[in-house]
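Heads up: the structure comes next, in structure tokens.
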Amino acid sequence: MGSLFGSILYQGGHEVTLYDTNVEHVDAVVRHGLRVQGYGGDRVIPVPAVSDPRGLGRADVILFQCKSYGTRAAARSVRRLVEDGAVCVSFQNGLGNEEIIAEEVGGENVLGGLTTMAATRLAPGVIRDFSRVPSYIGEMNARQDERAPELARALTAAGLETRVSTHIRQEIWTKLIANVAISAVSGITDKTGATCMGFPPLRSVCMRAAEEAMAVAEAEGFALDRETVMRGMDMISTPGGTGDNRSSLCVDLQNRRPTEVDVIYGSVIALGRRSGVPTPTLDVLSDIVTSLEARYLGASRR
């Protein structure tokens, strides 16, 4: 996702540097350019990339699109850029990423964000682009000035349509519901979001997971609009676009990597226990994903 967003902004005229700890991926981008396939046609984009944060110069904006378990290390690695005036925006899965970044660089330097765009890495230096849908950013606190609108206008002008939300925490929950509904089912079955939602038995499981997560959100003070939640689920499960993608959790399982089950499912389960909201479907999905991880990660799951 960082490669996708970076490529769009680079082609839109911004100075962009990709930073990834995956040396193989970065080296391929440096040598051959970032190869993008799928939506918009196949293309090669000569966007700069580094695997060492010391190679990063001054920045105005830092987009966080790493896995949640790498958030703290990523924030620490760019702390000097924030000290020089950069603002951080999290476009990540689950709950709590913005808070972790804020602990490292200061809450006043962090914006919340969410996106339902999708990309997958096909090989080092090669990604697939699935679609274009709006992304959202907003202040995590009550601050309302021109910072978020100015950034949204700049991203949109470069081809990455971005809207400002004055209730970004609620928007993050709305995306999380869709993620909770589909991610684990996609991972367990090795099916796309469109297939999961299009097959009645799997759709039933997805909907039960969504209902439980919505109940937890309500207990936490977020009264989510059911119609809006369903539109979000449709957006990431419609054939011919994002719905043709397997969830990132599914791709992690395929590649024998740690998943984000803790922040996508574990965070909601923990909040449910705290507020007395039962989450039996989420418990089972989380346990199955954890057991699948254990086959290759064993006791060193994190």
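The values are calculated or read from the model by the stated rules, or taken from the named source; none is laboratory data. Remember, predicted model here, so these are calculated numbers, not experimental data. Note that we place each Cβ from the backbone using ideal geometry, even for glycine, and neighbour counts take in every protein chain shown.
A count restricted to region 172-201 and to residues that are in contact with a Gly (Cβ under 7 Å, 6 or more places away or on another chain), assigned to a helix (DSSP H, G or I) and of a type outside the set (A, V, I, L, M) stands at 4. Filtering region 23-58 to residues that are assigned to a loop (DSSP other than H, G, I, E, B) and without any contact (Cβ under 8 Å) to a residue 40 or more places away in the chain leaves G41, D42, P46, P48, S51, D52, L56, R58.
With respect to (1) assigned to a helix (DSSP H, G or I); (2) farther than 15 Å from I264 by Cβ; (3) of a type in the set (D, E, K, R), the lone exception for E212 is condition (2). Take the residues of region 96-135 that are among the β-branched types (V, I, T) and not in a helix (DSSP H, G or I): which is surrounded by the most Cβ atoms within 10 Å (Cβ to Cβ)? That would be V110. Might you check whether a residue that is under 24 Å from I168 (Cα atoms), surrounded by fewer than 19 Cβ atoms within 10 Å (Cβ to Cβ) and without any contact (Cβ under 8 Å) to a residue 12 or more places away in the chain occurs anywhere in region 213-222? Among the residues of region 213-222, at least one is under 24 Å from I168 (Cα atoms), surrounded by fewer than 19 Cβ atoms within 10 Å (Cβ to Cβ) and without any contact (Cβ under 8 Å) to a residue 12 or more places away in the chain, which makes the answer yes. Summed over region 136-154, residues that are surrounded by 14 or more Cβ atoms within 10 Å (Cβ to Cβ) and modelled with pLDDT under 90 total 0.
Can you pull out the residues in region 184-218 that are β-branched (V, I, T) and at pLDDT 95 or above? Matches in region 184-218: V185, I188, T189, V205, V216.
Look at (1) in contact (Cβ under 8 Å) with a residue 40 or more places away in the chain; (2) out of contact with any Pro (no Cβ under 6 Å at 6 or more places or on another chain) and you find that A194 fails only one, number (2). Within region 147-159, is even one residue assigned by TED's automatic domain parsing to the domain that holds A49 and assigned to a loop (DSSP other than H, G, I, E, B)? Yes: region 147-159 contains one or more residues that are assigned by TED's automatic domain parsing to the domain that holds A49 and assigned to a loop (DSSP other than H, G, I, E, B).
For D262, the conditions (1) charged (D, E, K, R); (2) surrounded by 20 or more Cβ atoms within 10 Å (Cβ to Cβ); (3) over 16 Å from the mean Cα position of the chain (by Cα) are fulfilled apart from (3).
Only one entry in L114, L95 is touching a Ser or Thr at 6+ places or on another chain (Cβ under 6 Å), modelled with pLDDT under 95 and hydrophobic (A, V, I, L, M, F, W, C), namely L95.
The conditions of being in contact (Cβ under 8 Å) with a residue 12 or more places away in the chain, aliphatic (A, V, I, L, M), in contact with a strand residue (DSSP E or B) (Cβ under 7 Å, 6 or more places away or on another chain) and more than 15 Å from A217 (Cβ to Cβ) are not met by V289.
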